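Structure below; questions to follow.
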């Protein structure tokens, strides 16, 4: 039996996020599965392991521990593994919190009609970019990844929007809030994780990767595959 929705959350050095996220799940009545992907070299690995033990009876969530691959590498590894077992796959950062009751039911409804992408209002970027996203798992199966592997952390939300617009199968739900508790919104303190992924070096590297992805034909090739997927499903 194929399950419906799994949200993958790569997390590092923020074990306090685990109970906060699950509290948000409970407050919104969410039944979506959640997978926390933790690095085995995490400075707070023991606290993550303690959470894994504490939540082991909760059938909605599980933990995986593996070698550090940064955000995109971790997301892709877990998404490719899960694509055959779930109809829909989602991504949230460990600084996202669902706020709207029934948000996961809205995602299922939007994606039930065939290949596509859906995202809500993060109260920071809004419609501009899907900092948290959900998609049909056949997108991952078709492309072999959930985000282009040449990226490390940034700009993948721009790619997800490019895919959805190019497929003509993207939905933005302004009233479905998945809040992004980011320093840019004044909702979190800078920590080592934010400093690493928002360093000038990382910004330059991922921005360069994004424009290369668009300009060297890789985006065009991916969109050809995704449009064919939509046609096959019609």
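Is there a residue being surrounded by fewer than 24 Cβ atoms within 10 Å (Cβ to Cβ), touching a helix residue (DSSP H, G or I) at 6+ places or on another chain (Cβ under 8 Å), without any contact (Cβ under 8 Å) to a residue 60 or more places away in the chain and assigned to a strand (DSSP E or B) anywhere in the range 123-131?
Within the range 123-131, not a single residue is surrounded by fewer than 24 Cβ atoms within 10 Å (Cβ to Cβ), touching a helix residue (DSSP H, G or I) at 6+ places or on another chain (Cβ under 8 Å), without any contact (Cβ under 8 Å) to a residue 60 or more places away in the chain and assigned to a strand (DSSP E or B).
For the range 1-16, give me the residue count where each residue is touching a strand residue (DSSP E or B) at 6+ places or on another chain (Cβ under 7 Å) and surrounded by fewer than 21 Cβ atoms within 10 Å (Cβ to Cβ).
Number satisfying all stated conditions: 3.
How many residues are farther than 17 Å from residue 152 by Cβ and surrounded by 14 or more Cβ atoms within 10 Å (Cβ to Cβ) when one looks only at the range 182-201? Talk me through it step by step, then tell me what you get.
Filtering the range 182-201 down to residues farther than 17 Å from residue 152 by Cβ leaves 182-191.
If we keep only those that are surrounded by 14 or more Cβ atoms within 10 Å (Cβ to Cβ) as well, we get 182-183, 185, 187-188.
Final tally of qualifying residues: 5.
Follow-up. Where residues in the range 169-225 are under 13 Å from residue 122 (Cβ atoms) and in a helix (DSSP H, G or I), which of them is modelled with the highest pLDDT?
184
Quick one: would you say residue 32 is surrounded by 13 or more Cβ atoms within 10 Å (Cβ to Cβ), touching a helix residue (DSSP H, G or I) at 6+ places or on another chain (Cβ under 6 Å), under 25 Å from residue 177 (Cβ atoms) and in contact (Cβ under 8 Å) with a residue 40 or more places away in the chain? Walk me through it before giving the result.
Values: surrounded by 13 or more Cβ atoms within 10 Å (Cβ to Cβ): yes; touching a helix residue (DSSP H, G or I) at 6+ places or on another chain (Cβ under 6 Å): yes; under 25 Å from residue 177 (Cβ atoms): yes; in contact (Cβ under 8 Å) with a residue 40 or more places away in the chain: yes.
It is true that residue 32 is surrounded by 13 or more Cβ atoms within 10 Å (Cβ to Cβ), touching a helix residue (DSSP H, G or I) at 6+ places or on another chain (Cβ under 6 Å), under 25 Å from residue 177 (Cβ atoms) and in contact (Cβ under 8 Å) with a residue 40 or more places away in the chain.
Among the residues of the range 202-219, write down those that are buried (at least 16 other Cβ atoms within 10 Å of the Cβ) and either over 14 Å from residue 157 (Cα atoms) or without any contact (Cβ under 8 Å) to a residue 40 or more places away in the chain (or both).
So in the range 202-219, the residues buried (at least 16 other Cβ atoms within 10 Å of the Cβ) come out as 202, 205-206, 209-210, 213, 219.
Result: 202, 205.
The values are calculated or read from the model by the stated rules, or taken from the named source; none is laboratory data. Bear in mind the structure is a predicted one, so any value in this text is a computation, not a measurement. Cβ sites come from the backbone with ideal geometry, for glycine too, and all protein chains shown count toward neighbours.
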